[in-house]
Structures are given as structure tokens and as C-alpha cells.
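Novice: After the C-alpha cells below, expect a handful of questions from me.
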Amino acid sequence: MSAVDQIRDDARAAMKDGDRKRSSALRMIQDVLQQDAKLGKNDEVAALQRERKKRIEAAEAYANAGRDEQAEAERFEAGLITAYLPAQLSDEELNALVAEAVESTGATEQKQMGQVMGALKDKVAGRADGKRVSTAVREHLAS
């Protein structure tokens, strides 16, 4: 079952349960996925990650502005989105993939980081944040 179908079913269940907050958030996520599909992108994981990142950044901004209620709502939506994303790589798994990519590309210095990132792109797609991957690659190349 695709993420869109699962979200649609969960939104219906939330509506039946009378959980307005959850059903509203799920319908919003469903709408984003449908818009992405209409545009021909058809990458549900990328869309979900993008939306999750937006929610986390918005929650931080609201919290910094002292708007705790809105920050909590954004965190709630980010948590919902996380449930539909593939399981994230552990640090050990990520470091193993980075070591393998560095070895396969023969990279030895920081300026070859792009080659390593390119080799890792498909292996970590949807399972690790790009910032986390680039940090791991930098650390590995620095050692």
C-alpha cells in the first residue's frame, strides 16, 4: 500500500474517531502528496521528508518567538509525517555505508566529498537526512 493510500485510510479513521487535529493534519499531508503526483514527481518519500523538515523548522521558529501552541502543533504534524517515512539509518549503519562509499570512490580529501555523496545518494535515499550524511562523510574524510 502506498503512503497516499495509507494516509487516506488513516485520515478516514481519524475522522470517524472525531480526532479533528489528526484528521486535518493527515488531509494536509495527503494533499501535498497528491500535488506532487500531479506535477509528475511521484517521489512520496522526498515529499514527506520535505514536509517534515518544513514542520520542524516552523516549530523551531514558533518556539523561538514564544508561540508554544503553534510550535506544538507543528511538532505534532512532523511526528505524524515521520510515521510514514522509512526507518532511519542508525549511526553505525550510516558510518558503514560512508566507509564503503569512500573506499569505492577512492576519496581521500574533502574536495572529493561530492563523489562520495553521489555514491551514497541512492543507498541512503529516504533513510537519512542529507545534513547528517554530509557530516558523516566530512568526519570520515577528515580522519
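The values are calculated or read from the model by the stated rules, or taken from the named source; none is laboratory data. Please read these numbers as outputs of a predicted model, since none were measured by experiment. Don't worry about glycine lacking a Cβ; one is built from the backbone with ideal geometry, like all the others, and counts go over all protein chains shown.
Novice: Quick check: is even one residue across segment 11-23 within 25 Å of VAL133 (Cα to Cα) and surrounded by 14 or more Cβ atoms within 10 Å (Cβ to Cβ)?
Specialist: no
Novice: Just give me the residues in segment 24-34 being farther than 11 Å from VAL4 by Cα and either surrounded by 20 or more Cβ atoms within 10 Å (Cβ to Cβ) or β-branched (Val, Ile, Thr) (or both), in sequence order.
Specialist: ALA25
Novice: From the list VAL45, VAL133, VAL137, which residue is among the β-branched types (Val, Ile, Thr) and in the same structural domain as ALA14 (by TED's automatic domain parsing)?
Specialist: Within the list VAL45, VAL133, VAL137, the selection yields VAL45.
Novice: Of all residues in segment 35-49, how many are in a helix (DSSP H, G or I), surrounded by fewer than 14 Cβ atoms within 10 Å (Cβ to Cβ) and either polar (S, T, N, Q) or free of Cβ contacts under 8 Å to residues at least 12 places away in the same chain (or both)?
Specialist: Summing the residues that are in a helix (DSSP H, G or I), surrounded by fewer than 14 Cβ atoms within 10 Å (Cβ to Cβ) and either polar (S, T, N, Q) or free of Cβ contacts under 8 Å to residues at least 12 places away in the same chain (or both) in segment 35-49 gives 2.
Novice: If you don't mind, there's one more thing I want to ask. Please identify the pairs in which a residue from segment 1-24 that is in contact (Cβ under 8 Å) with a residue 24 or more places away in the chain has its Cβ atom under 6 Å from the Cβ atom of a residue that is aliphatic (A, V, I, L, M) and assigned to a helix (DSSP H, G or I), counting only partners at least 6 apart or on another chain.
Specialist: Within 6 Å, the pairs are VAL4/LEU33; ILE7/LEU26; ILE7/ILE29; ARG22/ALA14.
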